[in-house]
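K.L.:
The structure's right below; bear with me while I get my questions together.
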Amino acid sequence: MASIEKRGNSYRIKVSCGYRPDGTQVFQRRTWTPEADMTDAQITKELNRQAVLFEEDCKRGQIASAIKFETFAEEWFENYASLNLKHTTYVRQRRLTKRTYAAIGHIRLDKLTTREIQKFINSLAADGTHERTGKSLSRKTMVHYLSFISTVLDYAIKMDMLSDNPCRRVTIPKGSKKERKILTKEETHQLFELLEDVPMKWRMLFTLDIYTGMRRGELLGLEWKDIDFSTGMIHIQRTSNYTKDRGIYTDTPKTESSVRYVKVPMEIVELLMTYKDEQDEERERLGDKWIETDRLFVKWDGSPMNPDSPYSWLRRFCKKHDFPCYGLHSFRHLYTSLLVGSGVDPTTVSGVLGHSQVSTTLNIYSHMFRENQMKAFDAVADALSFGKNTDPEPPTDPVNEYDIRRNSIVCTKTG
């Protein structure tokens, strides 16, 4: 509530506008001087009206902190981001500051408008923005920039320094979406055949990735105690990451929902047992040189594998065999396409992938679910067709039926 103080022939109205990140209370003041011919009653009435109007201005953010965006963003990094964000997320947000500060860092929070932010986001879609390719930035990267700005401004609102976030009215340029490439079933079978002749570590890594759809960090964070060899259940409960300042380190999964169980066929369990026997032999051979981490996928001495190693190896492998290389994450998309193609509902798919919300799954894989819906419509049309042969299909072989449920891909050779 506004406070009023008489100062000679004028009145000073003072309103509290919250606190800065360092705990300092922010006040805004306005001076009002009545006209000479006003009566005491008129002065009191108008003074109260001026106080209400000034307080409303403060609440709407029209009277806000004079701190510049860059200065406040740095306070956000120190007082919030460093304490609450995962280290990889913190590092990624830091990378966004160079362009952002150059464009809007000098603007005060109370002067930062939707128009200014829209202008900056639009500039990212211009040709030549990407320093390496000379093209525009991807739409996904633009979303990251807008999200960073919006997060900082949301924090300003939380600190009672603003009452509105102008990012909410910014539109991301459409841009062109990259086609998500994945292997076909035939190519996947071919990949399994090619992997039979490579070191067991790499064969196991990519086979397990295809059969579980894990994220890279989750895959490299697996430890032997996470695997139930009697049931084929695998507990995903940690990730292995790398940043320049910290090197390779262990962290919790991306979200709470990312802590989950996945199941693999017993053929894959047998392959895992063979791989473990081989790793145990290597441990005994190296003796004191072996670093015990209990990780499945390690360097030559048992220490955690660098997260960049799988892709580097896969790229060389695909080039050698003239085989399509769509990156490690494409195996997660392949796994999802097989789930959706088998008729698994979105909620279950979301849980298996470790997404925090079903909407995330639907946003990323909407085209897959649409294609599956079309198949469902066709199935109804076929069932209601008149004049066609409606004899039932012969019974499905139980083994083949199991293979279909397991995404029609089974790797049986364990030697």
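K.L.:
Only residues that are of a type in the set (D, E, K, R) and touching a helix residue (DSSP H, G or I) at 6+ places or on another chain (Cβ under 6 Å): list them for region 145-198, please.
P.N.:
169, 180
K.L.:
Can you tell me which residues in region 203-252 are small (Gly, Ala, Ser) and surrounded by 15 or more Cβ atoms within 10 Å (Cβ to Cβ)?
P.N.:
213, 217, 221, 232, 240
K.L.:
Please determine whether any residue of region 257-266 is among the aliphatic types (A, V, I, L, M), surrounded by 15 or more Cβ atoms within 10 Å (Cβ to Cβ), under 17 Å from residue 303 (Cβ atoms) and touching a Phe, Trp or Tyr at 6+ places or on another chain (Cβ under 7 Å).
P.N.:
The answer is no, given that none of the residues of region 257-266 is among the aliphatic types (A, V, I, L, M), surrounded by 15 or more Cβ atoms within 10 Å (Cβ to Cβ), under 17 Å from residue 303 (Cβ atoms) and touching a Phe, Trp or Tyr at 6+ places or on another chain (Cβ under 7 Å).
K.L.:
Related question: When region 336-349 is examined, which residues are found to be in contact (Cβ under 8 Å) with a residue 12 or more places away in the chain and more than 21 Å from residue 181 (Cβ to Cβ)?
P.N.:
343, 346
K.L.:
Now for a different question. Would it be correct to say that residue 217 is closer than 29 Å to residue 84 by Cβ and touching a Leu at 6+ places or on another chain (Cβ under 9 Å)?
P.N.:
no
K.L.:
Yes or no: region 77-88 includes at least one residue that is outside any strand (DSSP E or B), at pLDDT below 90 and of a type in the set (A, V, I, L, M).
P.N.:
no
For every residue, the table says whether it meets (1) out of contact with any strand residue (DSSP E or B) (no Cβ under 6 Å at 6 or more places or on another chain); (2) closer than 30 Å to residue 130 by Cα; (3) surrounded by fewer than 17 Cβ atoms within 10 Å (Cβ to Cβ); (4) not assigned by TED's automatic domain parsing to the domain that holds residue 242.
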| position | (1), (2), (3), (4) |
| --- | --- |
| 35 | yes, no, yes, yes |
| 80 | yes, yes, yes, yes |
| 91 | no, yes, yes, yes |
| 94 | yes, yes, yes, yes |
| 98 | yes, yes, yes, yes |
| 117 | yes, yes, no, yes |
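K.L.:
Any idea how many residues of region 1-39 are modelled with pLDDT of 85 or more and outside any strand (DSSP E or B)?
P.N.:
The total comes to 9.
The values are calculated or read from the model by the stated rules, or taken from the named source; none is laboratory data. Keep in mind the model is a prediction, meaning the values are calculated, not measured. Every residue, glycine as well, gets a Cβ built from its backbone with ideal geometry; the counts of neighbours run over all protein chains shown.
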